1. Express the relative contact order of region A:399-492 as a whole percentage, based on alpha carbon pairs under 8 Å and six or more residues apart in sequence.
2. Based on the Cα gyration tensor of region A:56-143, what are the three equivalent ellipsoid semi-axes, each the root of five times an eigenvalue, rounded to whole Å and given largest first?
3. Can you list residues whose amide H is under 5 Å from residue A:323's amide H, if they're 5+ apart or on another chain and H is modeled 1.01 Å from N?
4. At q = 0.26, 0.31, 0.33 Å⁻¹, what is the log10 ratio I(q)/I(0) for region A:263-302, with the Debye formula run over Cα points and no solvent?
5. Using only the alpha carbons of chain A, determine the length spanned along each of the three principal axes and report them from longest to shortest in whole angstroms.
6. Quick one: if the Förster radius is 56 Å, what FRET efficiency do residue A:101 and residue A:65 give, using the C-beta to C-beta distance and rounding to 0.05?
7. Hey, with R₀ at 30 Å, roughly what FRET efficiency would residue A:179 and residue A:56 work out to, going by the Cβ-Cβ distance, to 0.05?
8. With an 8 Å Cα cut-off and a minimum separation of 6 or more residues, compute the relative contact order for chain A in percent.
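The values are calculated or read from the model by the stated rules, or taken from the named source; none is laboratory data. A quick note: this is a predicted structure, and the numbers were derived from the prediction, not measured. As a convention, Cβ positions derive from the backbone with ideal geometry for all residues, glycine included, and neighbour counts pool all protein chains shown. Heads up: the accessible areas ignore ligands, DNA and RNA and are worked out on the full protein's heavy atoms, side chains in. Shrake-Rupley method; radii C 1.70, N 1.55, O 1.52, S 1.80 Å.
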Amino acid sequence: MANPVRVRFAPSPTGSLHIGGLRTALFNWLYARKHNGAFVLRIEDTDQKRYDPTALATLTEALRWAGLHWDEGPDVGGAFGPYVQSERLALYQQWAQWLVDNGKAYKCFCTTERLAQVNKDKEARKELPGYDRFCRRLTPAEVAEKEAQGLKPVIRMKMPLDGQTVVQDVLRGDVVFENQTQQDAVLLKSDGFPTYHLAHVVDDHFMQISHVMRANEWLPSAALHMQLWLAFGWEIPVYVHLPVMLNPNGKGKMSKRNPPKDKYGNIIPVMVHDYINAGYLPEALDNFLANIGWNFGEERELFTMAEAVERFDLARINPANSAFPTEKLDWLNGEHLRALPLDELARRLRPVLEKAGFSVDETLLQQVTPIVQTRLKTLNEVVAMAGFFFRAEFIPAAPDKLPQKKMDAASTRLALEQSISVLETLRDFGRETTHAAVEKLTETLGLNNSQLFGVLRTAVSGQQVSPPLFETMEIVGQAETLRRLRLALESLKTLAA
RNA sequence: GGCCCCAUCGUCUAGAGGUUAGGACACGACCCUUUCAAGGUCAAAACCAGGGUUCGAUUCCCUGUGGGGUCACCA
């Protein structure tokens with residue numbers, strides 16, 4: 001009885017993938033995997049005005065990055081192709097014509113100018129805007145005449161004039177629309193391309209889609225889609241209208257046009273590539289997105305996609321729209337970062353460092369990775385935290401950064417001198433050895449760990465914030481550590497006592 | 001404005017008639033501490049309003065309010 005689960009993600013290739021699109025894709029993917037079904041990628045490139053030849057590659061790259069691999073679609077093929085709508089034009093035209101032939105749709109020759117005028121007149125009479133169905137009343141002879149004149153018509157749906165259309169939505173139950181409020185929407189444009197509405201129904205039928213999971217924005221046009229299914233007499237898929245992700249302040253949906261901001265006024269990226277470039281992990285972004293509108297259960301929010309697949313359930317989707325909880329992404333990213341095995345983290349850190357202009361020595365990378373792991377929220381932060389390890393030329397800190405709290409140039413000089421004399425005698429430069437040696441100095445110098453270590457940290461790393469000092473010195477090595485300490489000591493001379 | 005959807009801490013959410021309304025993020029305090037993190041402990045913080053139904057409503061119904069979506073030869 002039950003059809004096999006076949007779901008689809010049907011983006012329109014207009015650039016990188018919108019973050020909300022990724023969430024929709026993710027839910028479809030989770031559902032497909034959960035039910036051992038098929039996840040189909042279909043490209044909705046039926047708007048020639050918005051055609052962008054590079055967009056498809058960018059889009060699929062984002063999907064692959066997120067780990068949402070499709071079973072059927074461009075690149076991978078499948079039994080229900082082609083998966084790009086512009087390659088299926090004949091099919092839409094054929095079925096649009098079928099609707100006309102069967103009295104379910106009609107050709108409309110109205111110009112955009114007339115359409116505009118109709119709305120203007122309606123507005124003047126304080127009526128609701130909308131097409132006046134002028135061409136619905138055209139006789140076959142009139143239609144033939146206009147076509148003989150070479151006029152290119154659109155094909156419009158003949159919506160029922162009265163009664164109701166009921167759309168069954170998994171999350172909301174029956175949604176009822178009064179047919180009087182509906183429009184005779186365009187199904188096939190005059191250039192022979194379908195609109196979304198026609199393409200959706202025709203493709204989902206022929207691709208044997210079992211569940212239509214799409215954004216909530218589509219709910220208002222679902223009545224039209226329902227009438228289309230009825231007109232064709234095809235089996236109707238299950239509809240799930242997913243909640244929309246709103247701006248973090250809850251005002252309006254996430255959009256590139258009107259960039260959302262967090263509570264500090266920082267602009268929040270909307271495109272998946274922005275998140276990739278910002279150093280987020282795909283497993284974190286997926287985890288983050290899965291938590292918006294869906295709930296894992298067991299009061300758990302940190303999980304892998306494998307775990308999510310196991311538990312994914314339409315019944316746990318919350319139909320309410322939600323603000324984009326941007327702070328949780330940083331937290332989750334940190335969690336996933338720390339959960340990564342060290343060699344894997346190193347593998348992901350490398351390109352970030354290279355992009356920042358460093359040449360990355362593998363051994364050095366392996367040494368640095370463990371000491372930065374708990375200190376990173378995003379991969380990109382490794383540059384500020386530990387970039388100095390990879391810099392060809394050491395950049396010392398400004399001398400005035402050397403003295404720590406309650407220290408002056410003299411005490412700083414002394415701290416440096418003593419440290420140097422202790423450190424240069426050491427045979428072993430391991431973290432424990434150096435730590436023990438330096439720590440002993442604090443008493444004689446009358447300083448606390450924070451002060452003494454701070455001076456050395458600034459001298460050795462060139463930064464006031466760095467990974468732990470003794471680990472850092474071990475990696476930098478004895479000779480270079482001493483060189484930097486002497487450099488600092490020297491620079492102190494320029495500082496007024 | 002018409003139509004449609006939605007409504008629990010600031011935010012993401014659990015809850016499906018009787019709960020001290022739970023968790024998480026962020027925020028604050030404290031502990032740990034070598035800077036920054038991480039980790040630990042604690043605190044503060046919510047059922048939009050008004051009517052019903054009911055012995056009893058956060059939960060069910062209605063109305064209002066608020067928010068969102070949508071009204072193209074874009075998807």
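1. 41 percent
2. Calculated on Cα positions only, the semi-axes equal 40, 21, 10 Å.
3. A:246
4. Computed log10 I(q)/I(0) values: -0.93, -1.03, -1.08.
5. 105, 53, 36
6. With a Förster radius of 56 Å, E is 0.75.
7. 0.20
8. Contact order relative to length: 12 percent.
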